[in-house]
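Single-structure report; data block below.
The values are calculated or read from the model by the stated rules, or taken from the named source; none is laboratory data. Remember, it's a predicted structure, so these values are computed and weren't measured experimentally. Reconstructed Cβ throughout: ideal geometry from the backbone, glycine too, with neighbour counts over all protein chains shown.
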Amino acid sequence: MRFHAILLVRDEADIIQQSLKHTLKWCDAVYIYDTGSTDDTWEIIQDLARQDCRIVPFQKQPTVFSKGLRAFVFSKFRDRAAEGDWFIRLDADEFYHIPPPEFVRTKLEKHETCVYNQSYDFRLTTKDVADWESGRETVADRQRPLQERRRFFVPLKISEPRMFRYRETMQWSPDCSFPYNAGYVAQERIPIRHYPHRDPVQLQRRCTLRSIMAATSLDPGRHWLTDDWRQLVVDCNTENLQYWTPETPLPEYQFFNHLAPLPKRGLQRFAHALLLPILDQTRPQFPGNYHPEKMSTDITQRLLKAFSKQ
């Protein structure tokens, strides 16, 4: 059983090295698509790939983000997987708190083949900003482990599918964020430490990128429209905000809103046990002529101009 990760990146130079080194503690291969980084992200990835062949830099291209991009990467590398392997959706700012191989071994029933995440959303606080503005923390601190720098988190009830067990007949089309009938959903969620807000410089860059990229989306989320990073900073006394000490257990939560109601779940168990090869034959295959949508020259120039001022 091997574990394959699909990673999309964009301007993650401050974190990508820590992220990949953490991932390589458990991952057999990580396939990386860069949607157009303007910092050193791609160069760092290539340098790490020369040191470890499990890192596979697939492609860098200024690309409009879409849910089909992961399906595109999957279509290019699925032939490296064997029946029963696992594929994991990976983001550069996320750290799997329990390694997926350990989670599969200790937390899953044999018939559970799709896993959702339990996200611990680590936030930038008013104290962190005060430390930054006073010079007690600087860009040089990015060399320190991220878990030592950001300690306050909010547990998220909302969840997304992150892992599925591979079968040779499964299909994943560009209009889907996850494969068709990816698997029977596990009750347990895999814990992930999420660090989208790491320091003021990174957060302002993130806001700039997303607010400009929102013009390419038909339905941008509210967080894509925030152009002032200070709106995302939280007070240390904020309700639900909790403090975590590294090397200690994270609090566990028993949220089940990612599961279908019991009658439907029973039908899903039957279908996943007996009908998947038949259902897979009814699903569209990934189109051989698919190409990611390139970012317009106008958006690219706006990004370069905006980042040159920061």
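Odds and ends about this structure:
- Conditions (1) touching a residue at least 60 places away in the same chain (Cβ under 8 Å); (2) assigned to a helix (DSSP H, G or I): number failed by residue 130: (1)
- Residue identified as part of a strand (DSSP E or B) and either surrounded by fewer than 21 Cβ atoms within 10 Å (Cβ to Cβ) or in contact with a helix residue (DSSP H, G or I) (Cβ under 8 Å, 6 or more places away or on another chain) (or both) among 31, 116: 31
- Evaluating residue 106 against the criteria (1) crowded, with 18+ Cβ neighbours inside 10 Å; (2) more than 19 Å from the chain's Cα centre (by Cα) leaves one unmet condition, (1).
- Checking each residue in region 34-71 for being modelled with pLDDT under 95, outside any loop (DSSP other than H, G, I, E, B) and of a type outside the set (Ser, Thr, Tyr) picks out only 68.
- Qualifying residue in region 194-201 (condition: modelled with pLDDT of 95 or more, among the aromatic types (Phe, Trp, Tyr) and under 20 Å from the mean Cα position of the chain (by Cα)): yes
- Count of residues meeting criterion [more than 20 Å from residue 264 (Cα to Cα) and not in a strand (DSSP E or B)] in region 170-193: 8
- Any hit, region 59-77, residues being surrounded by fewer than 16 Cβ atoms within 10 Å (Cβ to Cβ) and of a type in the set (Gly, Ala, Ser): no
- Test: residue 147 is surrounded by fewer than 21 Cβ atoms within 10 Å (Cβ to Cβ) and in a helix (DSSP H, G or I): yes
- The number of residues in region 263-310 being of a type in the set (Lys, Arg), farther than 24 Å from residue 170 by Cα, in a loop (DSSP other than H, G, I, E, B) and in contact (Cβ under 8 Å) with a residue 60 or more places away in the chain comes to 0.
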